[in-house]
Amino acid sequence: MAQGTGRRGGLDERAVLLAAGLADLAVSTLGSVLGAARGLLRRSDAAELAAEAEHDLMARGRLALDRHTVAVPPAHLEILARHALAWRAAGDV
């Protein structure tokens, strides 16, 4: 998955990233998740923590998918050539 971290993907991609992040988290740290869930029930800022957890799970999912897939990112010169063609087509050169 060779996309920038600032770009928001579609709903399907978000679901896949969240699922992969949840699976990776469950396999590696199930015990600490249960302790953290007990702590979340006692906090008043649970909504903010849930939003941060979603962001962290998406990042973890992206890393897990990148680690377990064989996707090769496009070559650097290919990216530069595409940008040059886009600039020429837009009339910026």
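Some notes on this structure:
- Selected residue (only one of ARG62, ARG43 is surrounded by 10 or more Cβ atoms within 10 Å (Cβ to Cβ), basic (Lys, Arg) and part of a loop (DSSP other than H, G, I, E, B)): ARG43
- Candidate set: segment 71-82, residues that are open to solvent by 90 Å² or more (accessible area, probe 1.4 Å) and assigned to a helix (DSSP H, G or I); chosen: the one modelled with the lowest pLDDT: HIS76
The values are calculated or read from the model by the stated rules, or taken from the named source; none is laboratory data. Not measured: the values here are computed from a predicted model. Ideal geometry is used to build each Cβ from the backbone, glycine not excepted, and the neighbour counts take in all protein chains shown. Heavy atoms of the whole protein, side chains included, go into the accessibility calculation; ligands, DNA and RNA do not. Shrake-Rupley method; radii C 1.70, N 1.55, O 1.52, S 1.80 Å.
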